[in-house]
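*Asks:* Structure in structure tokens, see below.
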Amino acid sequence: MKIGIIGAGNIGGNLTRRLTALGHEVSVANSRGPETLTDLAKETGATPVTVTEAARGAEVVVVTIPLKNVANLPAGLFDAAAKDFVLIETGNYYPKQRDGRIAEIEDEGLTESRWSERRLGHPVVKAFNGTYAQDILDRHRPAGAPDRMALPIAGDDEAAKRTVRALVDELGFDTVDAGGLDDSWRQQPGTPVYGLRAGTDAVVKALADASPVRQEEFRA
């Protein structure tokens with residue numbers, strides 16, 4: 001599969017490592033330019049590109065950048081992506097720590113991924129937002145393993161979610177469908193499932209136990 005990754009931080013870098021190891025054709029971009037990705041490219045065989053080139057021909061695109069930077073991505077970013085491509089968004093809103101105040105999230109109650117979706121202009125599937133980056137490398141397990149972790153995903157497009165669930169399974173993790181994007185508050189920072197290292201049953205319970213009230217730590 002041809003996959004474009006926008007963002008080469010902890011999550012983006014480790015997804016690049018695992019997805020190339022699994023045989024996918026990965027293009028990776030960051031805000032500083034492809035010349036800064038030489039080491040990652042040599043390590044993985046991924047192709048370093050500019051942000052505007054990352055989605056070209058991609059069947060799956062992963063946007064894994066600070067939430068505040070989503071609005072600064074260039075227009076027409078996905079124009080050259082494959083037909084019916086799937087867009088994965090991994091972002092979290094950290095108003096005090098990084099992102100500043102975003103009124104639509106704070107005042108209108110938009111989920112973080114719905115806010116991102118509106119700016120990206122394409123349906124998104126929320127995944128990997130509460131996953132420790134190192135776990136992508138270290139904690140993958142074969143299907144059926146008793147210690148296999150499960151990751152929540154959310155999105156409105158059922159076909160897109162099936163694609164993401166298959167990809168996550170290939171990466172070595174089970175998935176739990178957390179509902180549509182308007183339900184994705186259940187996996188935002190401060191919820192029981194955020195950062196949870198557990199199997200399917202525990203993830204299902206954590207999603208059910210979530211409160212829609214945003215914790216003070218994650219409010220501006």
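*Asks:* With +1 on the Cβ of every Lys and Arg and -1 on the Cβ of every Asp and Glu, and nothing else charged, how large is the dipole of the stretch 1-131 about its Cα centre, in debye rounded to the nearest 20?
*Replies:* 200 debye
*Asks:* Follow-up. Can you give the convex hull volume of the alpha carbon atoms of the stretch 114-175 per residue, in Å³? Numbers along the way, then the final one.
*Replies:* Details: hull volume 5.4 nm³, N = 62.
About 86 Å³ per residue, rounded to a whole number.
*Asks:* Once amide H atoms are placed 1.01 Å from N in the peptide plane, what residues at a sequence separation of 5 or more from Val61, or on another chain, have their amide H within under 5 Å of its amide H?
*Replies:* It is Gly4, Val86, Leu87, Ile88, by chain and number.
*Asks:* Could I ask something else about it? Hey, got a sec? Which chymotrypsin sites (Phe, Trp or Tyr not before Pro) in the stretch 37-95 land in a DSSP loop and have at most 15 other Cβ atoms within 10 Å? The partial results should precede the final answer.
*Replies:* Numbers: sites: Phe78, Phe85, Tyr93; in loops: Phe78, Phe85, Tyr93.
Filter output for the stretch 37-95: empty list.
*Asks:* Moving on to the next point. In the stretch 106-162, what percent of the accessible surface is made up of carbon and sulfur (1.4 Å probe, ligands and nucleic acids excluded)? Before the final figure, lay out the partial values.
*Replies:* Details: 1200 of 2550 Å².
Answer for the stretch 106-162 is 47 percent, counting heavy atoms of protein chains only.
*Asks:* Going through the stretch 100-155, which GluC sites (Glu not before Pro) have at most 16 other Cβ atoms within 10 Å and a DSSP loop state?
*Replies:* Numbers: sites: Glu104, Glu106, Glu108, Glu112, Glu117; in loops: Glu108.
Passing both the DSSP loop test and the Cβ count: Glu108.
*Asks:* Give the Cα extents of the stretch 154-220 along the principal axes, in whole Å, largest first.
*Replies:* 36, 25, 19
*Asks:* Also, quick follow-up: Note the per residue figure in Å³ for the convex hull of the C-alpha positions in the stretch 107-220.
*Replies:* Working: hull volume 12.1 nm³, N = 114.
Given the Cα convex hull of the stretch 107-220, per-residue volume reads 107 Å³.
*Asks:* Follow-up. Using heavy-atom solvent-accessible surface (probe 1.4 Å) with all chains present, what is the largest-first order of Lys2, Lys205, Lys68, Lys83? Please report the intermediate quantities before stating the final value.
*Replies:* Details: Lys2 45, Lys205 125, Lys68 90, Lys83 170 Å².
Correct descending sequence by accessible area is Lys83, Lys205, Lys68, Lys2.
*Asks:* Within the chain, count lysine pairs with alpha carbon atoms under 27 angstrom apart where the residues are 8 or more positions apart or belong to different chains.
*Replies:* 14
*Asks:* Using the heavy atoms of the protein chains and a 1.4 angstrom probe, tell me the accessible area per residue for the chain in square angstrom.
*Replies:* Spelled out: the 1.4 Å probe surface of the chain, per residue, equals 45 Å².
*Asks:* When the C-alpha atoms of the stretch 1-125 are aligned to their principal axes, what extent does each axis show, in angstrom, from largest down?
*Replies:* Principal axes ranked by extent give 44, 32, 23 Å for the Cα atoms.
*Asks:* So what's the convex hull volume per residue for the Cα atoms of the stretch 42-106, in Å³?
*Replies:* On the way: hull volume 7.7 nm³, N = 65.
Measuring per residue, one finds 119 Å³ for the Cα hull of the stretch 42-106.
*Asks:* Let me ask you something else. Using the Kirkwood radius over Cα pairs, work out the Stokes-Einstein diffusion coefficient for the chain at 4 °C and 1.567 mPa s, in µm²/s as a whole number. Walk me through the numbers on the way to the answer.
*Replies:* Working: Rh = 17.4 Å.
Value of D from the Cα-based Kirkwood radius: 74 µm²/s.
The values are calculated or read from the model by the stated rules, or taken from the named source; none is laboratory data. Since we're looking at a predicted model, the values are computed, not measured. With ideal geometry, Cβ positions are generated from the backbone for all residues, glycine too; neighbour counts draw on all protein chains shown. Accessible surface areas use protein heavy atoms only, side chains included; no ligands, DNA or RNA. Shrake-Rupley method; radii C 1.70, N 1.55, O 1.52, S 1.80 Å.
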